[in-house]
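Undergrad: Below: one structure in structure tokens.
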Amino acid sequence: MLRITDLQLPLDHPEPALRRAVLARLGIAESELRSVHIYRRAYDARKKSAIHLVYTLDVEVEDEPAVLARVSGGTKVVSSPDTTYQFVARANQPPTQRPIIIGFGPCGLFAALILAQSGYCPLIIERGKPVRERTKDTFGLWRKRELHPESNVQFGEGGAGTFSDGKLWTQVSDPKHYSRKVLEEFVKADAPPEILFVSKPHIGTFRLVKMIEIMRETIISLGGEFRFEQKVEGIDIEKGRVRGIVLSTGERIAADHVVLAVGHSARDTFQMLHDAGVHLEAKPFSVGFRIEHPQSLIDRARFGASAGHPILGAADYKLVHHATNGRSVYSFCMCPGGTVIAATSETGRVVTNGMSQYSRNERHANAGIVVGITPADYPGSPLAGIDFQRALESRAFTLGGGNYNAPGQLVGDFLAARPSRQFGDVLPSYQPGVTLGDLESALPKYAITAMREALPAFERQIRGFAMHDALLTGVETRTSSPVRIRRREDFQSLNTRGLYPAGEGAGYAGGIMSAAIDGIRVAEAVALSIRS
């Protein structure tokens, strides 16, 4: 196979144009071209009046060496790389002691899948409920103001990524094509096949629920075991090495290999690890608000007259502003055609996040507009960032009225430093509800100052971004883990052998794809350790 990159065609090109463009690029006759496979399709919308598609293609030709020799020299045609996943180790027989995976979000899911496919029969411990039951509990907060502290947006099968836009792309380096493995496994689990080739694949919450159930059954069929609603409350450590875990029931399970894939909100687990002497350190994260606009405004700003084109879908954006007070303000977890959701996991606190379905056909676009902070803003113990988050979330609960409503403010009023009294054209999607007022005290002063400078700057990039009726909803605090559980090159904890910190909670990922990739890498490290 040959890989053709950067092949550009108009947005509305006829289907035969793709094959004709391949023939022209390779300089071959129709009879010499056996097949054309789209590996990736992106779009370039930098000129709204001339949006075009950009293809990466894998093609099969009659005489590949001759064609490759003829077109070599900067024409963007190479031999197709092998993206098939290669297992690093396989068990000849099930291990006498199962490797344990704590948490079943994207990281834990792929760590478990790789270990199961390699014959190592992992034991998965998940504090929350199976994904379908968890979904019902999550809706309980949104619809009835009933929070289940162990079953919500943050905790339960599928992790926080289940209630998100389901984005499946990342900017992490991926020389071993782990992302392809992730996408292929998702397609096996009934994800839309197009995620294999669109440049910014996504799935959405409702589809993820079914997929997670299918993947769980796959892991079980390969010898894996699940324990839901069982919380790890202790780690047995002997002379700097893991010897097992302790559950909330008091049960002790022996293990020499424990993957810690707990997610960014497992605050009690971080405390337990800190108390046990596992090396943790504070890390930077970001805080801010969710912002909502009409999706049609974003579509027009990004795509012009092509807004609404079925290939383009709902438009997204990515914005950054470096404020004069030294703070960076940026858009985070942008959800086209989505909703703002209640994402707290603790009683008496309010947290926002964003979610989209696969269709992305809700009226509004939303994104986090967040400000970067560092441990210098919350000095003290490695867990000081958690206290910082909790203080903001508790304040948001109070500002919202003490009933899990979120505090909100129109962008025009926020910029003018006056309270909002009534909604404009943008009605809130957040449930159970939004209480309008003044967000001045919802974040530290430096964050408010930076955001007031950033919003007009973003207006210069997307006309209408700072429109008066756009809505801010607070607060967004769970952008990433406030701690990092340091690990060595072999993926084991810096000071605790056999403990494998992984994914977002350990500070090594940010999003579904990067967490899944980290889960694969850690699973490989575990498999190699067991084999040796």
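Undergrad: In square nanometres and to one decimal, what's the mean projected area of the convex hull around the Cα atoms of the range 244-313? Spell out each step's value before the answer.
TA: On the way: hull surface 38.7 nm².
Its Cα hull, projected and averaged over all orientations, spans 9.7 nm².
Undergrad: With the Cα gyration tensor of the range 428-532 in hand, convert its eigenvalues to equivalent ellipsoid semi-axes via √(5λ) and list them largest first in whole Å. Spell out each step's value before the answer.
TA: Details: eigenvalues 345, 45, 39 Å².
They are 42, 15, 14 Å, listed largest first.
Undergrad: Suppose each label sits 7 Å from its Cα in the direction of the beta carbon; what would the residue 54-residue 384 distance come out to in nanometres?
TA: With each label point 7 Å from Cα toward Cβ, the separation is 4.3 nm.
Undergrad: Report the charge-dipole magnitude of the range 303-447 in Debye, nearest 20, computed about the Cα centre from +1 at each Lys and Arg Cβ and -1 at each Asp and Glu Cβ. Mind dumping the intermediate values first?
TA: Values: 10 positive and 10 negative charges, 17 e Å.
Taking the Cα centre of the range 303-447 as origin, the dipole is about 80 debye.
Undergrad: Here's something else I'd like to know. Give me the percent of accessible area attributable to carbon and sulfur for the range 212-253, probe 1.4 angstrom. Working shown, then result.
TA: Values: 960 of 2210 Å².
Its accessible area is 44 percent carbon and sulfur atoms.
Undergrad: Let me ask something else. On the protein heavy atoms, probe 1.4 angstrom, tell me the percent of accessible surface of the range 304-424 carried by carbon and sulfur.
TA: Details: 2410 of 4590 Å².
Roughly 53 percent, rounded to a whole number.
Undergrad: Among rounded, prolate and oblate, which fits the range 182-323 when a ≥ b ≥ c are the square roots of the eigenvalues of its C-alpha gyration tensor, a/c under 1.5 means rounded, and a/b larger than b/c means prolate? Write out the running numbers ahead of the final one.
TA: Values: a/c = 3.28, a/b = 1.68, b/c = 1.95.
Judged from the Cα gyration tensor, the range 182-323 comes out oblate (a/c at least 1.5, b/c at or above a/b).
Undergrad: How much FRET efficiency would the formula 1/(1 + (r/R0)^6) give for residue 403 and residue 361, where r is the Cβ-Cβ distance and R0 is 30 Å, rounded to 0.05? Please list the in-between numbers first.
TA: Numbers: r = 30 Å, r/R0 = 0.99.
Computed FRET efficiency for residue 403 and residue 361: 0.50.
Undergrad: To check my understanding: the extent here is largest minus smallest coordinate of the Cα atoms along each principal axis. What are those three numbers for the range 205-263, in Å, largest first?
TA: For the range 205-263, the Cα spread along each principal axis is 44, 22, 20 Å.
Undergrad: If you don't mind, there's one more thing I want to ask. Could you calculate the FRET efficiency of residue 495 with residue 176 from 1/(1 + (r/R0)^6), where r is the beta carbon distance between them and R0 is 35 Å, rounded to 0.05? Display every interim value, and only then the final one.
TA: On the way: r = 28 Å, r/R0 = 0.80.
Efficiency computed from Cβ-Cβ geometry: 0.80.
Undergrad: Now a separate question. Using just the helices of the chain, give the 222 nm mean residue ellipticity in deg cm²/dmol: DSSP H runs with n ≥ 4 each add -39,500 (n - 2.57), and the total is spread over all residues, rounded to 500. Please report the intermediate quantities before stating the final value.
TA: Details: 12 runs with 151 residues, N = 532.
Only helices count here, giving -9000 deg cm²/dmol.
Undergrad: Packing-wise, with mean Cβ within 10 Å as the measure, how do 281-294, 481-494 rank, highest first?
TA: Working: 281-294: 23.5, 481-494: 19.8.
In decreasing order of mean packing, 281-294, 481-494 become 281-294, 481-494.
Undergrad: Additional query: Taking the simple approach of a point 7 Å from Cα along Cα-to-Cβ for both residue 320 and residue 457, what is their distance in nm?
TA: Label-label distance for residue 320 and residue 457, simple model: 1.1 nm.
Undergrad: May I ask you to derive the FRET efficiency for residue 225 and residue 276 from their Cβ-Cβ distance with R0 = 25 Å, giving the value to the nearest 0.05? Don't skip to the end; give the middle numbers.
TA: Details: r = 25 Å, r/R0 = 0.98.
Working from the Cβ atoms, E equals 0.50.
Undergrad: Can you tell me how the range 301-373 classifies by the Cα gyration tensor, rounded, prolate or oblate, using a/c under 1.5 as the rounded cut?
TA: oblate
Undergrad: For the range 185-257, what is the relative contact order in percent, using Cα pairs closer than 8 Å and at least 6 residues apart in sequence? Write out the running numbers ahead of the final one.
TA: Numbers: 65 pairs, mean separation 12.4, N = 73.
So the answer I get is 17 percent.
Undergrad: Rounded to two decimals, what ratio of Rg to Rh does the range 129-254 give with C-alpha atoms and a Kirkwood Rh? Before the final figure, lay out each step's value.
TA: Numbers: Rg = 17.5 Å, Rh = 16.9 Å.
Answer for the range 129-254: 1.04.
Undergrad: May I ask you to list the GluC sites (Glu not before Pro) in the range 140-235 that are in a DSSP loop and have at most 13 other Cβ atoms within 10 Å of their Cβ?
TA: Values: sites: 146, 150, 157, 184, 185, 194, 213, 217, 225, 229, 233; in loops: 146, 150, 157, 229.
Answer by residue number: 146.
Undergrad: Let me ask you something else. Which order do 200, 181 take when ranked by solvent-accessible area (1.4 Å probe, heavy atoms of all protein chains), largest first?
TA: Details: 200 85, 181 15 Å².
My answer, sorted largest first, is 200, 181.
Undergrad: Of 104, 416, 224, which is farthest on the positive side of the dipole of the chain, counting Cα position, with +1 on Lys and Arg Cβ, -1 on Asp and Glu Cβ, and the Cα centre as origin?
TA: Farthest towards the positive end: 416.
Undergrad: According to the square roots a ≥ b ≥ c of the eigenvalues of the Cα gyration tensor, what is the shape class of the chain, taking rounded for a/c under 1.5, prolate for a/b larger than b/c otherwise, and oblate for the remainder?
TA: oblate
Undergrad: Would you mind calculating the gained length between residue 63 and residue 194 on full extension (0.36 nm times residue separation, minus the Cα-Cα distance), in nm to one decimal?
TA: Working: separation 131, 0.36 × 131 = 47.16 nm, distance 2.95 nm.
Full-extension gain reported as 44.2 nm.
Undergrad: Give me the one-decimal nm value for the distance between modelled label points at residue 87 and residue 296, 7 Å along each residue's Cα-to-Cβ direction.
TA: Rounded to a tenth, the inter-label distance reads 5.4 nm.
Undergrad: Next question. At 1.4 Å probe size, with every protein chain present, just tell me what the per residue accessible area of the chain comes to in Å². Numbers along the way, then the final one.
TA: Working: 21320 Å² over 532 residues.
Normalised by residue count, the accessible surface of the chain is 40 Å².
Undergrad: Can you tell me how much longer the chain between residue 15 and residue 374 gets when fully stretched, taken as 0.36 nm per residue apart minus their C-alpha distance, in nm with one decimal? Show your work: numbers first, answer last.
TA: Working: separation 359, 0.36 × 359 = 129.24 nm, distance 5.07 nm.
Length gained, residue 15 through residue 374: 124.2 nm.
Undergrad: Now for a different question. Just subtract the alpha-carbon distance of residue 254 and residue 72 from 0.36 nm times their residue separation and send over the number in nm, one decimal.
TA: Full extension from residue 254 to residue 72 adds 59.8 nm.
Undergrad: I would also like to ask the following. Could you compute Rg(Cα) / (2.2 N^0.38 Å) for the range 40-196, with N its residue count?
TA: Details: Rg = 21.6 Å, N = 157, 2.2 N^0.38 = 15.0 Å.
Normalised Rg, Cα atoms only: 1.44.
Undergrad: Give the residue from 187, 153, 206 lying farthest towards the positive end of the charge dipole for the range 151-214; charges sit on Cβ (+1 for Lys and Arg, -1 for Asp and Glu) and the dipole is referred to the Cα centre.
TA: Looking along the dipole axis, the top candidate is 187.
Undergrad: Report the relative contact order of the range 268-389, percent, no decimals, based on alpha-carbon pairs under 8 angstrom and at least 6 residues apart. Intermediate results must be reported in sequence, preceding the final value.
TA: Numbers: 207 pairs, mean separation 41.0, N = 122.
After rounding, I find 34 percent.
The values are calculated or read from the model by the stated rules, or taken from the named source; none is laboratory data. Since we're looking at a predicted model, the values are computed, not measured. When we count neighbours, we look across all protein chains shown, and the Cβ atoms used for this are built from the backbone with ideal geometry, even at glycine. Remember, those area values only see protein heavy atoms, side chains included, never the ligands or the DNA or RNA. Shrake-Rupley method; radii C 1.70, N 1.55, O 1.52, S 1.80 Å.
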